Amino acid sequence: MAQAVPPDSTVISVLVCDDHRLLTDTLTTVIEHDGSLRLITPPVHTSEEAVRLTQEQRPDVVLMDIEFRGSMSGIDATREIKNFSPSTMVVIMTAHEDDRLLVEAVEAGASGFLRKTEGVDTVLGAVKAAAAGEILIDRAELARLLPHVARERDVQRDAELLLGHLTDREREILQLLGDGMRNEDIAVRLFISPQTVQTHVRNILTKLGVHSKLEAVVFALRHGAVTV
């Protein structure tokens with residue numbers, strides 16, 4: 001349990017938000033033993049709690065996980081926190097190596113990233129650097145990533161435009177193809193003729209600009225239009 005510490009302009013106030021309790025227990029111990037840091041509360045385990053507590057107490061630094069079981073991601077929470085408390089620095093903690101997430105976090109207002117495998121000294125140093133207004137992301141690395149992520153976004157946007165041309169029935173059939181069903185099975189499931197299914201499949205291939213049912217399913221999976 002975090003101990004109450006009187007407000008002190010020389011002490012950096014910190015909020016930890018992560019749903020991995022072993023990690024948060026470790027961070028609690030480390031922060032409590034550093035005289036220049038104080039936890040504003042015990043660690044919280046949902047991004048919604050982090051947003052609420054930050055709005056109430058305005059910590060200097062939030063250590064924020066990137067993925068949660070709830071509806072709000074760490075990136076979404078970062079964006080909200082920076083909207084109402086620009087002076088609060090958010091450092092994203094992640095176990096992922098995802099260029100897109102890095103760029104999205106920066107765009108949301110994060111000061112930087114910490115890998116969950118980092119050592120204690122690195123974590124403490126990152127908190128203090130963030131509180132001092134330092135950017136914890138290598139600018140050359142960010143410059144390298146931005147064009148790559150921009151291209152990915154262009155591809156995704158173009159794919160969404162193509163998928164947007166599908167009718168509700170065509171989307172339904174595309175999902176059933178993704179589930180591994182044959183045309184005959186789809187016809188029975190939807191109470192339509194196999195010829196009608198085939199017509200829908202031809203329309204799907206034409207609209208997506210692909211040449212086979214497998215290619216259509218892979219395209220839809222890649223762009224989130226089909227689940228497995």
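Side notes on the structure shown:
- Every residue from segment 155-170 that is at pLDDT 95 or above and either closer than 11 Å to His223 by Cβ or part of a helix (DSSP H, G or I) (or both): Asp168, Arg169, Glu170
- Taken over segment 53-70, the residue count meeting the criterion of being under 13 Å from Met89 (Cα atoms), of a type outside the set (A, V, I, L, M) and surrounded by 17 or more Cβ atoms within 10 Å (Cβ to Cβ) is 3.
- Options Ala77, Ala105, Ala50, Ala110; residue that is crowded, with 23+ Cβ neighbours inside 10 Å, assigned to a loop (DSSP other than H, G, I, E, B) and in contact with a helix residue (DSSP H, G or I) (Cβ under 9 Å, 6 or more places away or on another chain): Ala110
- For segment 125-154, the tally of residues that are modelled with pLDDT of 75 or more and either of a type in the set (Lys, Arg) or outside the structural domain of Gly112 (by TED's automatic domain parsing) (or both) stands at 1.
- In this entry, Thr41 is excluded by the filter for residues that are under 12 Å from the mean Cα position of the chain (by Cα) and closer than 20 Å to His20 by Cβ.
- When Val188 is tested against (1) farther than 20 Å from Leu214 by Cβ; (2) modelled with pLDDT of 85 or more; (3) crowded, with 16+ Cβ neighbours inside 10 Å, only condition (3) is not met.
- Per-region count, segment 206-228, residues part of a helix (DSSP H, G or I) and surrounded by 15 or more Cβ atoms within 10 Å (Cβ to Cβ): 7
- Taken over segment 8-44, the criterion of being assigned to a loop (DSSP other than H, G, I, E, B), under 21 Å from Ser71 (Cα atoms) and modelled with pLDDT of 90 or more is satisfied by Asp18, Pro43.
The values are calculated or read from the model by the stated rules, or taken from the named source; none is laboratory data. Just so it is clear, the structure is predicted and the values come from calculations on it, not from any experiment. Please note: Cβ atoms are built from the backbone with ideal geometry, for glycine as well, and neighbour counts cover all protein chains shown.
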